[in-house]
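The values are calculated or read from the model by the stated rules, or taken from the named source; none is laboratory data. What you are looking at is a predicted structure, and each value in this text was computed from that prediction instead of being measured. Because the Cβ atoms are built from the backbone with ideal geometry, glycine has one as well, and the counts that use them run over all protein chains shown.
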Amino acid sequence: MKKLFYFSLGVTIGVIMVSKARAYVKNKLPQDASSFLFSNEGNLPATTLQALLQEFSMAMEEKEKQLADKFLNK
């Protein structure tokens, strides 16, 4: 239970840090560069979390494929 708590705490802190960093960079860049890099005007924490979950699921699928090839196709 402790591991789950610290894992969820780490994910939460990571999402907050990334969204704050993205907002900082977006505000400090000139307008043209900012609009080029951040054309998606959605909610920053939501898009950050969505990208994180997508990357996690892609990595999980890749690992599952590796394990299936290793153990099922001997």
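The conditions are (1) at pLDDT below 85; (2) exposed (fewer than 13 other Cβ atoms within 10 Å of the Cβ); (3) part of a helix (DSSP H, G or I); (4) hydroxyl-bearing (Ser, Thr, Tyr), and Thr47 fails exactly one of them. Which is it?
(2)
Search the range 8-33 for residues that are under 18 Å from Leu49 (Cβ atoms) and pair each with any residue that is surrounded by 11 or more Cβ atoms within 10 Å (Cβ to Cβ) and among the β-branched types (Val, Ile, Thr) when their beta-carbon atoms are under 8 Å apart and the residues are at least 6 apart or on different chains.
Filtered contacts from the range 8-33: Val15/Thr48; Val18/Thr48; Ser19/Thr48; Arg22/Thr48.
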